[in-house]
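Encoded as structure tokens, the structure appears first; notes follow it.
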Amino acid sequence: MTLLGGLLRVSERAIRDEDLWGRWQRGDDVDDGMSLAGVRVRRETAMQLSAVWACVSLISDTISTLPLDTFIRRDGVRTPFRPRPRWVTEPNPEQERPQWISQQLVSLLLDGNAYVYTPRSRSGEVLEAWNVPPWMVTPRRVRRGAVVYDLADPELGVVTLDRSEMFHVPGMSWPGEIRGMAPLEAARHMLGAGLASQEFAERFFGQGFHAAGVVEYPGDLSVEQARQLKQDFGRMNSGLRKAHLPAVLTNGASWKQVTVTPEQAQFLESRRFTVSEIARFFRVPPHLIGDVEKSTSWGTGIEQQGIGFVVHTLMPWLERLEAAYSRHLLLFDEAFVKFNVNGLMRGDFKTRTEGYAAGLGWGWLCADEVRALEDLPPLPDGQGQTFLVPTTHRPADAPWDGGQQASTDDRGPR
């Protein structure tokens, strides 16, 4: 059995092998993943929180669907790098690029680390790129500070790979540490409170006592009499047609309304707070995961929040992935990988046209560049290649005549 075959065939069984992987590697920490709320936090349970699922899927789906291309810089000029490596469009026979990148983001957002196994040809070219579950890999330093990766394969045992066969994308980490910090561990108690709140809701509605009131009867009733009283009262007062009819009780029986406790009334508020906490933890604007209670849903406020999401949330992850891809998957030092985020940064039409007008007027944009930003073809015969400058909007390469030409034009013909 080859290493790749082991990864593809028995990864699910490996996840459940507690003796091999350890408690934290299966999703728990050294305290068995137990939070102060009495709920065990694991990858699977954390993703059961709708806010966690929304944040992780939002970030991973947004980045994985961005255009990605390879470039090379020569003499300070960036040009497309061709032929484009095959892994850019098809990392391996079983995955397209969006799914491949999405899995790496899920690993980074939950575990803080992403690992990719890259078998190569004799010339060093990457043949395939396979994501490896982070709980199967243990990085360590060997002589002279080199880093190797111990991959615990269920069939082959522990296999040691060097950086030519495995590349590692760590998240935020402590100085001197190889592995990135695990976000699930950092947020264990917060997520535990959210899971406890969710479990309370399920039990409250599924197993709790929710009678609107009780019938009080003086004296004792036999089991049969109590059952008959309950059935008669329910038959006479239940249903839509009887919703507002007066109830009639005899023999001293009385109706007592049951109210919801203040603790139960604050339950929904605590769940709303959990959503805000999770959004803050993942640096996601609340309105992007459906929490619009305290957010404006129109105008420039939402637009600026969206741009801030790209700059402050997506860009750190994009930079990490670009650096790892450029260093490990390309053979030329001058070549690099770049995601295209222009589409996400575009403002509304009025804001864009004002920006284009300023660029055209001050000479740092030409018409063809503006058209390219709007996905339009260039003007024919090079008409859109002219740059204008503020002084009478003359061509930037035309000599300055001191304004005499403009004065002559203003006077008109004689």
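What the table shows:
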{"read-out": "Of all residues in the range 116-146 being assigned to a loop (DSSP other than H, G, I, E, B) and of a type in the set (D, E, K, R), the one that is farthest from Ala324 (Cα to Cα)", "value": "Arg122"}
{"read-out": "Which numbered condition Val158 misses (of (1) in contact with a Pro (Cβ under 8 Å, 6 or more places away or on another chain); (2) assigned to a strand (DSSP E or B); (3) not polar (S, T, N, Q))", "value": "(1)"}
{"read-out": "Criterion: at pLDDT below 85 and either among the aliphatic types (A, V, I, L, M) or more than 32 Å from the chain's Cα centre (by Cα) (or both) - qualifying residue of Thr386, Thr392, Thr351", "value": "Thr392"}
{"read-out": "The range 191-220 - residue that is at pLDDT below 75 and of a type in the set (D, E, K, R) and, of those, surrounded by the most Cβ atoms within 10 Å (Cβ to Cβ)", "value": "Glu199"}
{"read-out": "Test result for Ile72, part of a strand (DSSP E or B), modelled with pLDDT of 90 or more and surrounded by 16 or more Cβ atoms within 10 Å (Cβ to Cβ)", "value": "yes"}
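The values are calculated or read from the model by the stated rules, or taken from the named source; none is laboratory data. Bear in mind that the values here come from a model prediction, so they are computed numbers and not experimental data. For neighbour counting, all protein chains shown are included, and Cβ atoms are generated from backbone atoms with ideal geometry for every residue, glycine included.
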